[in-house]
Amino acid sequence: MSEGGDLLIRGGNLVSLDGVQAQDVLILGGKVQRVATRIEALPGVEVIQAAGKLVFPGLIDPQVHFREPGGEEREDLATGSLAAVGGGVTSFMEMPNTSPATTNPERLVDKLRRAAGRSLADHAFFLGASPENAEQLGDWEQIPGCAGVKVFMGSSTGDLLVPDDASLERVLRSGSRRVAVHAEDEPRLIARYAAIEPGTGVSAHPQVRDVECALLATTRLINLAERCGRPVHVLHLSTAEEVALLRERDLGDLVTAEVTPNHLFLEAPDCYERYGSIAQMNPPVRDRRHRDALRQGLLDGIITCIGSDHAPHTRAAKERPYPESPSGIPGVQTILPLLLMGVRDGWLQMQDILRICVTGPARVYGLEGKGPLVPGMDGDLVVVDPEEKSELPLSWLHSRAGFSPYAGWPLAGWPEMTVLRGYPVYGGHAPLGPPRGRMLRFS
Ligand code: DOR
């Protein structure tokens with residue numbers, strides 16, 4: 001089987017860590033062969049004209065929930081991965097809170113089998129930690145196609161939970177790869193949910209799962225990570241206080257952190273007033289003070305990467321009264337257009353997008369072959385027109401969820417073409433060719 005396709009991307013404005021420069025990119029056999037101001041066409045190699053367009057390496061989304069198996073009415077690996085490439089995301093790492101949860105090698109291999117021939121993007125799957133499987137995780141995390149271990153310190157969608165320090169320490173002492181953690185404090189969550197008054201609406205979500213829930217758990221986590229010397233990754237940071245904590249503790253690569261576009265582009269109370277439970281996720285979107293601190297943390301490098309936390313639910317479920325309405329916002333397809341809005345608004349630069357959506361996740365998880373478009377890397381890229389704004393029609397979004405807080409937003413940066421290892425896999429708001437996603441490799 002060929003390793004990949006051949007393609008010459010001509011005249012696009014290539015986003016690299018040094019900035020944006022007009023460059024041609026030649027991909028042969030799925031790998032970047034050359035990057036130069038002018039590369040002559042080769043016989044039999046298709047030329048894509050990209051003058052005036054931006055060319056980014058394919059984005060890596062290290063946190064998605066694609067619901068297969070057990071929740072296919074909300075999403076499956078085919079629809080989720082189509083939404084991914086529809087947003088220029090060519091690699092994704094999927095979370096274990098499916099039904100059944102991915103808590104053993106058989107279930108991990110089952111997901112890999114389901115993805116083969118159906119996923120449009122390269123992929124890996126997390127193992128879910130529990131007090132029961134803690135000691136085995138160290139062996140299991142070495143299975144090819146495993147993204148690593150994911151811990152829920154606080155309850156969210158599904159039943160995965162490692163609520164106490166003793167169990168968490170057992171998880172952290174089993175294995176060596178970076179552990180991804182949803183850090184909200186379970187005992188405090190239990191107390192806060194028990195205190196909800198009848199008639200409380202979704203606007204109270206940031207007070208129910210309050211700053212203290214997140215800060216307590218993140219503090220417990222980084223103390224344990226330091227004690228065990230085990231690298232951890234704090235998922236979807238949501239508070240100014242956690243950013244300050246990470247800055248102050250300065251633990252370098254031992255503790256890395258991620259933020260979702262929702263926490264960067266939505267703010268309370270407005271988002272709950274406008275979108276109701278569509279804007280409800282865990283940990284919650286909070287007010288502007290937190291949003292601004294998260295933006296600053298991202299620019300300072302305290303936060304290393306963006307993960308969409310793409311988490312589809314049915315509309316019917318979202319319409320249940322709070323707190324029965326489920327938490328989660330689909331978002332794998334809207335990362336790039338939102339970040340390009342950040343560039344237009346002047347607080348982000350093009351090369352920040354590369355750092356937080358490509359090199360950051362690749363470094364945090366030790367991905368092989370994924371990174372900036374330089375010779376030897378996989379030929380994954382996305383060509384976008386940064387100027388062509390549209391009020392996002394829901395029909396462009398491929399998630400089975402069928403809702404998004406960003407519907408109707410004037411966004412630009414929809415892929416004219418998404419390329420996976422030299423093969424065009426998406427263009428004209430539709431998939432191109434057969435699904436070509438492969439298992440991601442880790443160093
Ligand atoms: O809002 C969320 N939804 N946060 C999570 O941690 C899980 C996710 C889901 O799977 O629905």
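Listed here are the residues, each with its yes/no results for (1) in contact with a His (Cβ under 9 Å, 6 or more places away or on another chain); (2) of a type in the set (Val, Ile, Thr).
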{"site": "Val45", "(1), (2)": "no, yes"}
{"site": "Gly52", "(1), (2)": "no, no"}
{"site": "Ala84", "(1), (2)": "yes, no"}
{"site": "Glu94", "(1), (2)": "yes, no"}
{"site": "Thr98", "(1), (2)": "yes, yes"}
{"site": "Leu120", "(1), (2)": "no, no"}
Exercise for the section: Have a look at Trp409, Trp396 and point out the one that is closer than 30 Å to Glu68 by Cα, surrounded by 14 or more Cβ atoms within 10 Å (Cβ to Cβ), in contact with an Asp or Glu (Cβ under 8 Å, 6 or more places away or on another chain) and not basic (Lys, Arg). Expected result: Trp409
Exercise for the section: Hey, could you check the stretch 365-393 for residues that are crowded, with 20+ Cβ neighbours inside 10 Å and not aliphatic (A, V, I, L, M) and say which is farthest from Gly86 (Cα to Cα)? Expected result: Tyr365
Completion exercise
Flagged in the stretch 183-198 as surrounded by 21 or more Cβ atoms within 10 Å (Cβ to Cβ) and not in a helix (DSSP H, G or I), in numbering order, are Ala183, Glu184, Asp185
Exercise for the section: Mind listing whichever residues of the stretch 274-319 are away from the ligand (no atom under 11 Å from the Cβ), of a type in the set (A, V, I, L, M) and out of contact with any Phe, Trp or Tyr (no Cβ under 8 Å at 6 or more places or on another chain)? Expected result: Ala293, Leu294, Leu298, Ile302, Ile303, Ile306, Ala316
Handout entry: the stretch 391-432, residues that are over 16 Å from Val55 (Cβ atoms) and in contact with a strand residue (DSSP E or B) (Cβ under 6 Å, 6 or more places away or on another chain)
Key = Glu391, Leu392, Gly408, Pro410, Leu432
Fill in the blank from the handout: If you go through Gly402, Gly371, Gly422, the only one that is out of contact with any Asp or Glu (no Cβ under 7 Å at 6 or more places or on another chain), closer than 24 Å to Ile27 by Cβ, in contact (Cβ under 8 Å) with a residue 12 or more places away in the chain and of a type in the set (Gly, Ala, Ser) is Gly371
Handout entry: Answer residue from the stretch 82-99, given it is within 14 Å of the ligand (Cβ to nearest atom) and in a loop (DSSP other than H, G, I, E, B) and is surrounded by the fewest Cβ atoms within 10 Å (Cβ to Cβ) among those
Key = Ser99
Exercise for the section: Run down Val382, Val364 and say which single residue is part of a helix (DSSP H, G or I) and under 19 Å from the mean Cα position of the chain (by Cα). Expected result: Val364
Practice task
Would you check which residues across the stretch 11-32 are farther than 17 Å from Val358 by Cα, touching a residue at least 60 places away in the same chain (Cβ under 8 Å) and assigned to a strand (DSSP E or B) and list them?
Solution key: Gly12, Val25, Ile27, Leu28
Problem - Number of the condition not met by Glu226 [criteria: (1) within 15 Å of the ligand (Cβ to nearest atom); (2) more than 28 Å from Met350 (Cα to Cα)] - result: (1)
Handout entry: Selection within the stretch 174-191 - within 16 Å of the ligand (Cβ to nearest atom) and under 24 Å from the mean Cα position of the chain (by Cα)
Key = Val179, Ala180, Val181, His182, Ala183, Glu184, Asp185, Glu186
Exercise for the section: Inspect the stretch 2-11 for any residue being over 17 Å from Pro415 (Cβ atoms) and loosely packed, with under 14 Cβ neighbours inside 10 Å and give the result as yes or no. Expected result: yes
Exercise for the section: Give the stretch 75-101 a look and list any residue that's touching a strand residue (DSSP E or B) at 6+ places or on another chain (Cβ under 8 Å) and polar (S, T, N, Q), or say none. Expected result: Ser81, Thr90, Ser91, Asn97
Handout entry: Residue in the stretch 82-96 that is charged (D, E, K, R) and touching a residue at least 12 places away in the same chain (Cβ under 8 Å) present
Key = yes
Handout entry: Filter result for the condition that a residue is in contact with a helix residue (DSSP H, G or I) (Cβ under 8 Å, 6 or more places away or on another chain) and in a strand (DSSP E or B), over Ile60, Ile48
Key = Ile60
Handout entry: Considering residues of the stretch 199-228 that are of a type in the set (D, E, K, R) and more than 25 Å from the chain's Cα centre (by Cα) only, the residue surrounded by the fewest Cβ atoms within 10 Å (Cβ to Cβ)
Key = Arg227
Problem - Flag if Leu160 is within 15 Å of the ligand (Cβ to nearest atom) and either surrounded by fewer than 19 Cβ atoms within 10 Å (Cβ to Cβ) or not acidic (Asp, Glu) (or both) - result: yes
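Here, each number is a calculation from the coordinates, and none is a lab measurement. Worth saying up front: this structure is predicted, and the values here are computed from it rather than measured. We place every Cβ from the backbone using ideal geometry, glycine too, and count neighbours over all the protein chains shown.
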